[in-house]
Amino acid sequence: MPTAQQEAITDAREAASADLSAAWSSGDDEWKSGEEWQLALRIAASKGLSKSSFLPNFLLYICEQSLTGNAQQITEQRIGTEIFHRASDYNPGEDNIVRSYARTLRKRLEEYFEQEGREERVRLIVPRGGYVPIFESLAEERMLVASPADISDKQPESLSATELPYAIAPSSIHRIRPPWIFILLGVLIGAALASAAWLLARTVQPRTVEPEHVLWSKLFQANRDTLIIPADSGLGILQNVTGKLSSVQGYANGTYFAEIKPIPGIGEGNLNDLRGQRYTSVVALNIASMLVRLPEFANGRSQIRYARGITIEDLKNSNAILLGSSHTDPWVSLFDDRLNFVLNYTSTVDQSFILNKHPAGTEGAKYFNGTDKTTNQTYGVIDFLPGLDGAGHTLIIQGLNMAATQAAADILFNADAMKPILNKATLPNGDLKSFEILVETKSIEANASETRVIATRFYPR
């Protein structure tokens, strides 16, 4: 039986919820009586949020926009002006108030569902890298929760989600996933795993990184920040599963993830893992580790940032190294109109290809993955371009699959292979022209490989 103190606390929270409801729920819209909005009101009035002058309004604003079909309005810029009273032209790249409060909001939401809201039937999450809220039913999940003795996939105690910004973040609820989900995901990424198997031996071997590389001195500068942005592999899997490709706008404002409908045979919990968790490939991690070991690496001015946490202002104000193609990092598509070699993705992964807009000599117009049973032939591209603001630099390392991306990186970190290209790209004043490099790689029965440059393009700065 609840004590008098507990009843008083409950009454106070109900009163706070009623006040918020009165402030935010004027009008007779049907959605305001829905379970999702009522949940949002309870959370906003909870102990963890009600003491803040901004958190309740932050939460209710993004929920209202989402529930009324205006998820495209949930941007960092709009939240900053509507909730935190910033000027309409403020720069989120310089003022991170929205991102700071979003981190606090996610923490308070986790605490709410662990304490006050542990009996809620619906869970509300705000996935990292965006601000569009997701409501998920816990009815099915509670039937699938594993006992502590059944949980065998715990992360090492020394590694936390915040310490692994580009690794797999542990879920707050451990679920037993049906065996078929592994079969499904295995089919979707089987080709990538097969193409990556042959490079495993190389990725675990120590690599010698050549110093005094003119390209690196342009990307790592004392007067400009540099962002290293690994691929968003979770996005790639979602696109493969749904057959729906993401635009850079839908990726940036989170609407792509919010608009994904339930997929037959895939539980809501598994779907939300892909929506909210941070996944990247071992190839991206390997390339990032090579970059941070460069003599030119500017430790105080360089960061590794997850793709979903990037804004267009970040790309305008920094040098950027993008690890992956538009399929796993839609930011790459912002540069497509400047490129000759463009990766084109379809809903059928094996039909994706590299388009050569202006073939020269004997070059092909399109480059596809090989299909022979014994030869795995694939293609990658290296792009060195001006930044979005015209002042900085952008490097893109991309490929049709993980093996191709790794092959492109192998060329980039090979001083002998890059020497003739950089000699041709270097201007009399020491600056570099923009350039593109098309790379072909082959794996013969998974025990031998060959990588070579098959085409280049050079452009004025």
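Every number here is computed from the coordinates shown, using simple stated rules; none is lab data. Since the structure is predicted, the reported quantities are computational estimates derived from the model, not experimental observations. Because the Cβ atoms are built from the backbone with ideal geometry, glycine has one as well, and the counts that use them run over all protein chains shown.
The figures follow:
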| item | result |
| --- | --- |
| Residues 37, 331, sorted so that the one with the fewest Cβ neighbours within 10 Å comes first | 37, 331 |
| Estimated FRET transfer efficiency when R0 is 51 angstrom, pair residue 301-residue 111 (beta carbons, to 0.05) | 0.90 |
| Spin-label model distance (nm) - residue 422 vs residue 290, 7 Å beyond Cα toward Cβ | 1.4 |
| Full-stretch length increase - residue 454, residue 217 - with 0.36 nm per residue and alpha-carbon distance subtracted | 82.8 nm |
| Loop sites in segment 48-100: trypsin sites (Lys or Arg not before Pro), DSSP, at most 11 other Cβ within 10 Å | 51 |
| Cross-link pairs beyond the 25 Å C-alpha cut-off, checked among 366/442; 244/366; 218/366; 32/261 | 218/366 |
| Sequence of 459, 251, 379 once ranked by neighbouring C-beta atoms within 10 Å, starting from the fewest | 459, 251, 379 |
| Label-point separation in nm, residue 224 to residue 29, each point 7 Å along Cα→Cβ | 4.3 |
| Paramagnetic label zone (point 7 Å from Cα along Cα-to-C-beta, residue 247; backbone N under 12 Å) in segment 316-342 | none |
| Using a Förster distance of 25 Å, the FRET efficiency for residue 414-residue 346 (Cβ separation, nearest 0.05) | 0.20 |
| Label-to-label distance, nm, for residues given as residue 118 and residue 313 (7 Å Cα→Cβ offset) | 4.0 |
| Residue order, fewest to most surrounding Cβ atoms within 10 angstrom, among 454, 396, 421 | 454, 421, 396 |
| Charged-residue dipole, Cβ positions (Lys, Arg, Asp, Glu), segment 279-423 about Cα centre, Debye nearest 20 | 140 |
| Length gained when the stretch residue 84-residue 360 is fully extended (0.36 nm per residue, less Cα-Cα span) | 94.0 nm |
